[in-house]
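Dropping the structure in here first, questions after.
The values are calculated or read from the model by the stated rules, or taken from the named source; none is laboratory data. No experiment lies behind these values; they were computed from the predicted model shown. Reconstructed Cβ throughout: ideal geometry from the backbone, glycine too, with neighbour counts over all protein chains shown.
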Amino acid sequence: MTFRQRLGRWDVKYSPYAYIAPFFIVFGITGLFPILYTAYISLQDWDLVRNSGTYIGFEHFTWVLQDREFWLSLRNTFSIFVLSSVPQVIVATVIAVLLDQNLRAKTFWRMGVLLPYVVAPVAVALIFSNMYGDKFGLVNTFLGDVGIDPILWHTDVLPSHIAIATMVNFRWTGYNALILLAAMQAVPRDLHEAAAIDGANAVRRFFSVTLPSIRPTMVFVIITSTIGGLQIFDEPRMYDSTGTGGANHQWETITMYLYNTGWGKFNFGRAAAVAWILFIIIVGISLFNNWITTRLVAGDKPAQRSSRKKVSR
Amino acid sequence: MSLSRRKKHLAAIAGAAVFSLTLAACSSSGDTTATDGASGDTSAPAGDITLTVATFNDFGYTDALLQEYMDSHPGVTVVQNKAATSNDARTNYFAKLGSGGLADVEAIEVDWLPEVMQYSDLLVDLSDPSVDGRWLDWKTAAATDADGRLIGYGTDIGPEAICYDGAKFEAAGMSSDPADVAAMLEGGWDTYYSVGEDYVAATGQPWFDGAGATYQGVVNQIEAAYEDPATGEVIAADNPDVKAAYDSVTAASADLSAHLSQWSDDWFAALGSSGFATMLCPGWMLGVIQGAAPDTTTWQVADVFPGGGGNWGGSYLTVPASGANTDAAKELAAWLTAPEQQLKALAAAGTFPSQVGSLSEESALNEAFAAPGADGTPSKAVYFNSDTLGTIFSNRANAITVSPYKGEFYFQINDAMQQALTRVEDGSMSASESWDQFIADVNAVG
């Protein structure tokens, strides 16, 4: 075999790996290495400044799991997540249906829906935390005018979660509506016409034609908002001036807990342990999502794809 | 399908897990360019160097001031990097203190000075016969480590007076003249509270802004509140002084407080709408009040503070030992913190001097407060209806006798205390429940 031949053979054999290598190299540097390094730090009593630590085993993990603040922040994260994701997906679907009608100035309405997404989250948080002021806020002033007692947005747990969920919804509802709209427009019009001829009204057509057809997109929207919801940080951090999540940890989320442990208390070993716990939680929820998704889209699962193994050569 | 889904998971997982580390990476790779120019330039001939000064908020070091130094020191170029907030500066400081990459002269705030003191060996010893006695004793003492090394030159301090709303005092049938108010409030915290009770009885309006801010004034008069200066041991839970301060402040705030947490949106709004009659007022607070309530004309300053004197805030300049030109940096820091320069900084940014030499220059201090703002806003003297603001704060600075000991955990414990007070103020817990929670938080520290 000549060198040229051998070269050609290597080309066929190894080039594909070279082509996909950049992703894995970048992932290795920005993803894999930090994950492993975080695991290393989480077992140490770490000093950021001197960049050194002493091995203390799983002490940080047991400490965090016994910390009242950790469980409160976990509760807050899930509560805010449910309060934001559920209404968000429902409202986004309704908006998408409305935009799917034959409207005048279509582009104008669609752009309008996307506008809140363009506003920086910090700006959104500033505006909303002003509105939700306990004494001089817009919302409470309005409630007072109507004769309702002011709501303590920064004291009571649920109101603070609702206020934060509002900011999240304000930002993401339009974005999700557009994704769902795109899916709806791909639904063949014949189906709608056939259903209409069969005597189905608009509501019936929505539930029996539109909704089943956009199910994969719906699953995508749900998964992305789940991941976003578990990592919520900007809005609750900007919700008051201290950014620590309330005097009684009313709205401290798990990412804020992580940040406060690291950059507030300079306990990076413990912060790394929190990061790993969050990592495990997200893996768990992703697996659960995975399971739900396979159930949901089982109907239109494509035929075996594994037959496309070993394409090379 | 399954591959792309897994990739999505990995992305999510990576994003979550590396959260804190990414932040660390960001801050350690950011804005080093100016510094690199200085520290990488070891081969440059002596006298031809660039010095960087890193500050935050506004230290009052104007371009003209830095130019003055460059003119008198040929071959030295001074570049200033400003961080937006003290918190940004703190993050950057600790991310780079060990690994290098800090500016030649780095500003630090007194709030995180205790954390910096743990790493005093990484900073240049700035003690020098030429600067002996330049600052108030307690200012220097706080930046001197156990080995007697001075690691920071004092810039400004926050001597506290009482700010009050003159119109509200008149409405309550009290004199609004600063001298009368000072005479009336002269004494301890009990006097401050009892005058407040009279005021509340007359008007039904709150006397001060909130328990948290008031407690801060009380605790800064306690020599060793949370930690034992000798051993560093946490004593907050057993210290009778802390419990007494907590009890007195929560008792007083039940009737006297507007129940506002400092720096909240409500608190800022209340400054403009005169939601309360008095507040503890360090020198730099004047700018905060004027900024939040530009159209109010009734705020005034009384030359008095409950329990004598108190300091809130202030900063230092440090020189990291990893810099390439530490001697030149030390010289620059000494020049910037000299009384003459600090007076210019006061005029530019309202940073009240910690230098003994400046504090005696009453007319210069008063003049600095009479300088109108750069954007045409009225001067502090006009806004607070007083020609003697410099004299007032100079008196307040000289009244400070206690230098509270702040150890490694001071910040965390004080934070827990502030949260405890907020829980009482907003009614989510009773004073005793909240104290128990505070004890639990203190026990979790470390």
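Take B:ALA225 and tell me if it is over 29 Å from B:THR388 (Cα atoms) and out of contact with any Cys (no Cβ under 7 Å at 6 or more places or on another chain).
Judged against the criteria, B:ALA225 is a match.
Just one of B:ILE392, B:ILE400 is outside any helix (DSSP H, G or I), touching a Pro at 6+ places or on another chain (Cβ under 9 Å) and not assigned by TED's automatic domain parsing to the domain that holds B:ASP128; which is it?
Details: B:ILE392 fails: outside any helix (DSSP H, G or I).
The conditions single out B:ILE400.
I'm trying to understand the selection: among the residues of segment A:208-244, which are outside any helix (DSSP H, G or I), within 19 Å of the chain's Cα centre (by Cα) and not hydrophobic (A, V, I, L, M, F, W, C)?
A:GLN231, A:TYR239
Another one. Of the conditions (1) touching a Leu at 6+ places or on another chain (Cβ under 8 Å); (2) surrounded by fewer than 18 Cβ atoms within 10 Å (Cβ to Cβ); (3) not aromatic (Phe, Trp, Tyr), B:ALA142 satisfies every one except a single condition; which number is it?
(2)
OK, next. Can B:ASP415 be described as within 19 Å of the chain's Cα centre (by Cα) and either within 30 Å of B:ALA244 (Cβ to Cβ) or in a helix (DSSP H, G or I) (or both)?
Criteria met by B:ASP415.
Condition (residue is part of a loop (DSSP other than H, G, I, E, B), surrounded by fewer than 22 Cβ atoms within 10 Å (Cβ to Cβ) and at pLDDT below 95) applied to segment B:201-215: is it met by at least one residue?
Looking through segment B:201-215, at least one residue is part of a loop (DSSP other than H, G, I, E, B), surrounded by fewer than 22 Cβ atoms within 10 Å (Cβ to Cβ) and at pLDDT below 95.
Sticking with this one: Looking for something modelled with pLDDT under 90 and in a helix (DSSP H, G or I) - is there at least one such residue anywhere in segment A:40-57?
The answer is no, given that none of the residues of segment A:40-57 is modelled with pLDDT under 90 and in a helix (DSSP H, G or I).
Can I ask one more? With respect to the numbered conditions (1) over 30 Å from B:THR203 (Cβ atoms); (2) of a type outside the set (D, E, K, R); (3) free of Cβ contacts under 8 Å to residues at least 24 places away in the same chain, which one is the sole condition not fulfilled by B:MET184?
(1)
Contact list please: Cβ distance under 6 Å, first residue in segment B:425-437 and in contact (Cβ under 8 Å) with a residue 12 or more places away in the chain and away from chain A (no Cβ under 13 Å), second residue of a type outside the set (Gly, Ala, Ser) and buried (at least 18 other Cβ atoms within 10 Å of the Cβ), pairs at least six apart or on different chains.
From segment B:425-437, the pairs are B:ALA431/B:THR250; B:ALA431/B:VAL424.
Let me ask something else about it. Just the residues that are in contact (Cβ under 8 Å) with a residue 40 or more places away in the chain and either of a type in the set (Phe, Trp, Tyr) or surrounded by fewer than 14 Cβ atoms within 10 Å (Cβ to Cβ) (or both), please, taken from segment B:122-136.
Of segment B:122-136, the ones in contact (Cβ under 8 Å) with a residue 40 or more places away in the chain are B:122-124, B:126, B:128, B:130-131, B:133-136.
Listed by number, the residues that qualify are B:ASP128, B:SER130, B:GLY133, B:TRP135.
Continuing with the same structure: Looking at B:VAL110, B:VAL116, which one is crowded, with 20+ Cβ neighbours inside 10 Å, under 17 Å from the mean Cα position of the chain (by Cα) and within 11 Å of chain A (Cβ to nearest Cβ)?
Being crowded, with 20+ Cβ neighbours inside 10 Å, under 17 Å from the mean Cα position of the chain (by Cα) and within 11 Å of chain A (Cβ to nearest Cβ) holds for just one of B:VAL110, B:VAL116, which is B:VAL116.
Which pairs turn up if I take residues in segment A:215-227 that are farther than 20 Å from A:ILE281 by Cα and buried (at least 17 other Cβ atoms within 10 Å of the Cβ) and look for partners that are at pLDDT 85 or above and hydroxyl-bearing (Ser, Thr, Tyr) with beta carbon separation below 8 Å, at least 6 apart in sequence or on another chain?
A:MET218/A:THR93
Okay, next question. Only one residue in A:ALA163, A:ALA125, A:ALA177 is away from chain B (no Cβ under 14 Å) and in a helix (DSSP H, G or I). Which one?
Being away from chain B (no Cβ under 14 Å) and in a helix (DSSP H, G or I) holds for just one of A:ALA163, A:ALA125, A:ALA177, which is A:ALA177.
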